[in-house]
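Data first, discussion second: the structure below is written as structure tokens.
The values are calculated or read from the model by the stated rules, or taken from the named source; none is laboratory data. A quick note: this is a predicted structure, and the numbers were derived from the prediction, not measured. Quick reminder, even Gly has a Cβ in these numbers, built from the backbone with ideal geometry, and neighbours come from all protein chains shown.
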């Protein structure tokens, strides 16, 4: 399949710039793979699912990973923390750093005396750096960092306190992501309680969403795309909970493409079964594709030509290629009804 096959037009004013006042007041387009679309609100989710369904949530926590630093010449460098490296080093992405050289030290804005020593270029704007003095990245960024909102959300460098709360799921607990698992942004504590009252259960996985989530697909042929890598963990408890639910004939409802990637990565690596696992995944799902565990999916509306849109298209028609037309028709319906798209936008439930 060609990347162009996953293109679509979207009016710019449908790209959500702000979250709604209440998370669960977002709209929810229900797509039934057997046929049919229906319009709901996210707060209706308990009545749209079945007692016994198991929701799989990604509990990663977004770091305020954007920061600024300066060269000794005074030049301002924008940084994005990506992940820890070996021996106390960090991997970061630096913008406006083309003139920087290994061995150079940058001073971090907002933290007197805190330096970053540049160790090695890693390509693509990435650097391996060492903090001087040594400091925990999460602790430092919580004090001086800015939430790494996607580039289509316009903030002009402004750090809004509301974004620290709303670009984060209410169940986030494991720091490490530089982008939110956005399908989970619609849940509230009250909604989770209502789901539990209907015997709709929850389990957690962790996938630390990286900047590759927004990277464009540059290949013409989908199969030639080099998928980015992200770290994940599937605990023994969640493995047991999902396996027992599946064996009992209960539906596994993945909340977001990130939850899909964790579960299906482990299942593909172990002959369709789940085991407790920690690692990194480069799983790239596009039509046609089989899904070993996931039965239903809650997801946001994704960018044209993106790997996330390709995954959702594959899920609409497991094993076939008809999902591309199905998902693009659904997106067209959503645009006609003025749904809000992307990270702060509305959601879909695919059954």
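Those residues that are out of contact with any helix residue (DSSP H, G or I) (no Cβ under 8 Å at 6 or more places or on another chain) and closer than 21 Å to residue 147 by Cα, I need them from the range 86-96; list them, please.
First, the residues of the range 86-96 that are out of contact with any helix residue (DSSP H, G or I) (no Cβ under 8 Å at 6 or more places or on another chain): 86-89, 91-92, 94-96.
91, 92, 94, 95, 96 - these are the residues of the range 86-96 that are out of contact with any helix residue (DSSP H, G or I) (no Cβ under 8 Å at 6 or more places or on another chain) and closer than 21 Å to residue 147 by Cα.
What residue, of 57, 106, is crowded, with 18+ Cβ neighbours inside 10 Å, in contact with a helix residue (DSSP H, G or I) (Cβ under 7 Å, 6 or more places away or on another chain) and within 28 Å of residue 150 (Cβ to Cβ)? Talk me through it step by step, then tell me what you get.
Values: 106 fails: in contact with a helix residue (DSSP H, G or I) (Cβ under 7 Å, 6 or more places away or on another chain).
Just a single option satisfies the conditions, and that option is 57.
Can you tell me which residue in the range 79-90 is nearest to the chain's Cα centre (by Cα), limited to those that are surrounded by fewer than 16 Cβ atoms within 10 Å (Cβ to Cβ) and without any contact (Cβ under 8 Å) to a residue 40 or more places away in the chain?
Restricting to residues being surrounded by fewer than 16 Cβ atoms within 10 Å (Cβ to Cβ) and without any contact (Cβ under 8 Å) to a residue 40 or more places away in the chain, the top hit is 86.
Could we say that residue 10 is in the same structural domain as residue 131 (by TED's automatic domain parsing) and either in contact with a strand residue (DSSP E or B) (Cβ under 7 Å, 6 or more places away or on another chain) or part of a strand (DSSP E or B) (or both) here?
Details: in the same structural domain as residue 131 (by TED's automatic domain parsing): no; either in contact with a strand residue (DSSP E or B) (Cβ under 7 Å, 6 or more places away or on another chain) or part of a strand (DSSP E or B) (or both): yes.
Judged against the criteria, residue 10 is not a match.
Answer yes or no as to whether residue 303 is within 18 Å of residue 2 (Cα to Cα) and buried (at least 16 other Cβ atoms within 10 Å of the Cβ). I'd like the intermediate steps shown before the answer.
Values: within 18 Å of residue 2 (Cα to Cα): yes; buried (at least 16 other Cβ atoms within 10 Å of the Cβ): yes.
Taking the combined requirement at face value, the residue satisfies it.
Rundown of residues vs (1) in contact with a strand residue (DSSP E or B) (Cβ under 7 Å, 6 or more places away or on another chain); (2) under 30 Å from residue 267 (Cα atoms); (3) at pLDDT below 95, yes/no style:
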| position | (1), (2), (3) |
| --- | --- |
| 128 | yes, no, no |
| 137 | yes, no, yes |
| 170 | no, yes, no |
| 200 | yes, yes, no |
| 206 | yes, yes, no |
| 221 | yes, yes, no |
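Mind checking whether some residue in the range 252-261 is more than 14 Å from the chain's Cα centre (by Cα) and within 26 Å of residue 24 (Cα to Cα)?
Residues of the range 252-261 more than 14 Å from the chain's Cα centre (by Cα): 252-253.
Those still in the list that are within 26 Å of residue 24 (Cα to Cα) too: 252-253.
Yes, the range 252-261 contains a residue that is more than 14 Å from the chain's Cα centre (by Cα) and within 26 Å of residue 24 (Cα to Cα).
Looking at 166, 155, 160, 173, which one is surrounded by fewer than 16 Cβ atoms within 10 Å (Cβ to Cβ), in contact with a helix residue (DSSP H, G or I) (Cβ under 8 Å, 6 or more places away or on another chain) and either under 17 Å from residue 18 (Cα atoms) or in the same structural domain as residue 254 (by TED's automatic domain parsing) (or both)? Working first, answer last.
Numbers: 166 fails: surrounded by fewer than 16 Cβ atoms within 10 Å (Cβ to Cβ); 160 fails: in contact with a helix residue (DSSP H, G or I) (Cβ under 8 Å, 6 or more places away or on another chain); 173 fails: in contact with a helix residue (DSSP H, G or I) (Cβ under 8 Å, 6 or more places away or on another chain).
Exactly one of 166, 155, 160, 173 is surrounded by fewer than 16 Cβ atoms within 10 Å (Cβ to Cβ), in contact with a helix residue (DSSP H, G or I) (Cβ under 8 Å, 6 or more places away or on another chain) and either under 17 Å from residue 18 (Cα atoms) or in the same structural domain as residue 254 (by TED's automatic domain parsing) (or both), namely 155.
With the structure loaded, tell me whether residue 327 is surrounded by 16 or more Cβ atoms within 10 Å (Cβ to Cβ), touching a helix residue (DSSP H, G or I) at 6+ places or on another chain (Cβ under 8 Å), assigned by TED's automatic domain parsing to the domain that holds residue 231 and farther than 20 Å from residue 227 by Cβ or whether it fails that test.
no
Looking only at the range 147-163, which residues are outside any loop (DSSP other than H, G, I, E, B) and more than 12 Å from residue 185 (Cα to Cα)? It would help to see each step written out before you state the result.
Let us first name the residues in the range 147-163 that are outside any loop (DSSP other than H, G, I, E, B), namely 161-163.
If the condition is that a residue be outside any loop (DSSP other than H, G, I, E, B) and more than 12 Å from residue 185 (Cα to Cα), then 161, 162 are the ones that fit.
May I ask you to verify whether residue 76 is assigned by TED's automatic domain parsing to the domain that holds residue 315 and either within 23 Å of residue 179 (Cβ to Cβ) or touching a strand residue (DSSP E or B) at 6+ places or on another chain (Cβ under 8 Å) (or both)? Full working, then the answer.
Details: assigned by TED's automatic domain parsing to the domain that holds residue 315: no; either within 23 Å of residue 179 (Cβ to Cβ) or touching a strand residue (DSSP E or B) at 6+ places or on another chain (Cβ under 8 Å) (or both): yes.
The answer is no for residue 76.
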